[in-house]
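The values are calculated or read from the model by the stated rules, or taken from the named source; none is laboratory data. Worth saying up front: this structure is predicted, and the values here are computed from it rather than measured. Here the Cβ is made from the backbone with ideal geometry for all residues, glycine too, and neighbour counts use every protein chain on show. Quick note on the areas: whole protein, heavy atoms, side chains included, nothing else; ligands and nucleic acids left out. Shrake-Rupley method; radii C 1.70, N 1.55, O 1.52, S 1.80 Å.
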Amino acid sequence: MKFEDLLSEINGFGRFQKMVLCINFFGRFSLACHFLLGNFIAVIPSHHCSISSLDADEIFENLTQEERLTVSIPVQDDGTPASCHMFSYPQFHLLSNSSSPSEVAVVQCQNGWEYDNSTFISTLATQWDLVCDKRALSRLTTTIFFIGVMCGAAAFGSLSAMFGRKPMLLVSHMLGMGFGLCSAFSSSFIMFAVLRFFTGFTITGSVIISTILNVEWVSIEHRKLVGVIDSLSWTFAFMSFPLVAYFIRDWRWLTVAISLPTVTAIITWWVPESARWLIANGRVDKAHYYLHKCAVMNRKKEIIVIPSVKGCSDKSHGSAGFFTARFAVATVAYGISFNISSFGLNRYLTQFVYGAIEIPAKLSIYYLLDKFGRRITQAGSLLFVGISLMINIFIPKGENKSVVRTVIAVLGKGCSATSFGTVILYSSELYPTVVRQNGMGYNSFVARLGVSVAPLILLSDDVWSHFSQVILSSLGLSAAFVAYLLPETRGRCLPETIEDVEGIGYGYVEKLSSLGN
């Protein structure tokens with residue numbers, strides 16, 4: 001008897017499965033906020049050199065603030081005070097609008113900076129002066145966090161395969177909350193960066209393990225629904241987070257605000273262990289215990305036959321192509337999400353719209369997976385992402401075009417949400433039970449590598465204003481081609497052993513062969 005047949009007998013989407021789905025939904029809600037935290041705490045507000053060193057003898061006593069800046073800070077081409085330079089001595093002649101000498105002594109900031117606190121009370125940049133030659137460090141914190149997520153994905157993938165889904169899920173929630181809270185009280189930038197790394201390392205287990213638990217407990221026909229609901233937990237978090245950030249403008253308290261709610265994840269203790277994993281590891285009695293609970297809660301008959309899982313070898317088909325697609329999906333999706341300030345509109349509103357557009361995009365997955373299958377949905381959504389990013393390259397920047405650019409970016413974000421929601425379900429269906437958690441861990445590792453690279457790609461705009469869009473567009477279009485070569489999993493049972501996936505890979509191999517001919 002196959003496990004899917006057994007699930008059908010005891011109801012593959014009854015009250016038991018809905019309980020598992022709800023617990024994991026609320027357990028993951030606040031974790032998604034950590035992924036976008038850098039959009040608000042790593043902001044570099046407007047700033048200029050502190051002019052206190054030029055006013056040692058209180059010579060500015062009778063000057064207004066505007067006049068003090070005029071005689072102390074050189075003006076940039078756009079008319080705003082320079083951010084990183086000041087005059088070596090006051091230029092009082094500038095007050096009379098007389099022409100400045102051809103050679104004015106300009107030096108780097110001598111006594112720190114003054115920041116515009118009208119939008120943010122404090123950020124990482126204002127806390128540790130991460131500006132001018134240290135400007136990249138503020139963005140680097142996001143990369144450090146996702147490097148932690150990347151390493152944690154591989155680690156928790158292996159740990160949950162060895163010790164089970166449930167205990168590692170609880171460990172991930174608790175450690176993630178602990179490191180998150182500790183990072184909010186960091187006394188130095190290095191301390192914060194280290195703690196952000198471990199926050200990312202630990203919370204990623206919650207992401208990949210809860211997804212696997214949801215998928216392994218439901219029947220074939222309900223996997224796509226579970227995949228959509230699972231991904232919507234991130235969408236609601238992405239919509240709620242800008243509202244929280246709007247009212248909490250201090251980086252320390254914002255970090256506390258998104259870390260503390262993880263304590264509610266203690267309800268993970270009531271999440272059942274995966275019966276598939278228990279059977280694959282020879283713990284049939286424990287599997288029978290959870291299957292019995294499932295049958296009782298779903299008001300079905302007692303379980304008599306427990307399916308068995310054979311041994312396995314260590315190979316699978318299509319992994320390289322899927323890793324490539326997963327890398328591109330994550331890089332493009334977060335490249336768009338991190339780039340909320342380049343369209344000229346309100347940062348909070350843009351982030352909210354980015355989250356809101358994911359609702360129809362992810363709900364459409366339910367229809368698309370049925371109509372076109374996993375492969376076409378994945379490839380098609382990536383194709384539209386690449387096209388939307390390409391269109392924005394040719395739309396000139398400026399206030400009169402900011403709305404148009406934002407609309408195109410939002411449509412691209414919607415398509416990237418569709419591709420992301422699809423890829424998570426797709427990856428869980430490609431791997432057999434005996435290596436599914438390891439496979440998801442390695443896939444998540446590759447995805448987080450892409451997310452880690454995304455902030456660095458955005459820095460390439462300093463070289464050319466459209467450079468990052470060209471890179472992200474190229475990734476999306478290339479990944480669409482790769483995704484089209486992947487095997488289809490629509491309507492298939494979840495593979496239990498490596499032998500089960502041998503047939504799934506044939507379609508992939510045949511496509512490569514036909515392309516070669």
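Across region 48-115, Cα-Cα pairs farther apart than 15 Å form 49% of the total. Stokes-Einstein, applied to the Kirkwood radius of region 140-198 over Cα pairs at a viscosity of 0.692 mPa s and 37 °C, places its translational diffusion at 271 µm² s⁻¹. The dipole here belongs to region 160-279: it is taken about the Cα centre, uses +1 on the Cβ of Lys and Arg and -1 on the Cβ of Asp and Glu, and is about 120 debye.
Descending by average beta-carbon neighbour count within 10 Å, the peptides 16-28, 128-140 line up as 16-28, 128-140, the highest first.
When the Cα positions of PRO74, HIS466, ALA447 are compared along the charge dipole of the chain, ALA447 comes out farthest toward the positive end, with charges on each C-beta of Lys, Arg, Asp and Glu.
Whole angstrom only: what separates the Cα centroid of region 98-164 from the Cα centroid of region 425-480? Cα centroid to Cα centroid, the span is 22 Å. Between the residues PHE92, ILE357, HIS47, the greatest Cα displacement towards the positive end of the dipole of the chain, with unit charges on the Cβ of Lys, Arg, Asp and Glu, is found for ILE357. Segment GLU488..LYS2, full-extension length gain: 172.9 nm, with 0.36 nm per residue of separation and the alpha-carbon distance subtracted. Computed about its Cα centre, the charge dipole of the chain is approximately 2340 debye, with only Lys, Arg, Asp and Glu carrying charge at their Cβ. Expressed as a whole percent, the proportion of Cα-Cα pairs in region 134-252 lying more than 25 Å apart is 33%. How high is the FRET efficiency from LEU260 to SER52, r the C-beta distance, R0 41 Å, rounded to 0.05? After rounding, the FRET efficiency stands at 0.60. Measuring only protein heavy atoms, the 1.4 Å probe finds TYR115 accessible over about 50 Å².
With N counted as the residues of the chain, its alpha-carbon radius of gyration over 2.2 N^0.38 Å works out to 1.12. Packing-based ranking of 42-49, 366-373, 213-220 yields 213-220, 42-49, 366-373, ordered from highest to lowest mean Cβ neighbour count within 10 Å. Net length available on complete extension from LYS18 to ASN346 is 114.3 nm, with 0.36 nm assigned per residue and the Cα-Cα distance removed. Distance between the 7 Å Cα→Cβ label points at ILE359 and THR64: 4.7 nm.
Taking the helices alone, the chain has a mean residue ellipticity at 222 nm of -21000 deg cm²/dmol, built from -39,500 (n - 2.57) per DSSP H run of at least 4 residues and averaged over all its residues. Given +1 at the Cβ of Lys and Arg, -1 at the Cβ of Asp and Glu and no other charges, the dipole of region 48-115 around its Cα centre is 120 debye to the nearest 20. Estimated from the Cβ-Cβ distance and a Förster radius of 30 angstrom, the FRET efficiency linking ILE190 and ALA82 is about 0.55.
Modelled spin labels at PHE247 and SER158, positioned 7 Å past Cα toward Cβ, are 4.3 nm from each other. The length gained on full extension between VAL104 and TYR367, counted as 0.36 nm times the residue separation minus their Cα-Cα distance, comes to 88.1 nm. Using heavy atoms of the protein chains and a probe of 1.4 Å, the accessible area assigned to PHE481 is about 120 Å².
Remark: the chain carries 42 Å² of accessible area per residue (probe radius 1.4 Å; ligands, DNA and RNA excluded). Across region 58-167, the fraction of Cα-Cα pairs farther apart than 17 Å, rounded to a whole number, is 69%.
The fraction of accessible area contributed by carbon and sulfur in the chain is 63 percent, rounded to a whole number (1.4 Å probe; ligands and nucleic acids excluded). Ranked by solvent-accessible area (1.4 Å probe, protein heavy atoms only, all chains present), the residues LYS301, LYS286 order from largest to smallest as LYS301, LYS286. Using R0 = 56 Å, the C-beta based FRET efficiency linking SER465 and ARG299 works out to 0.35.
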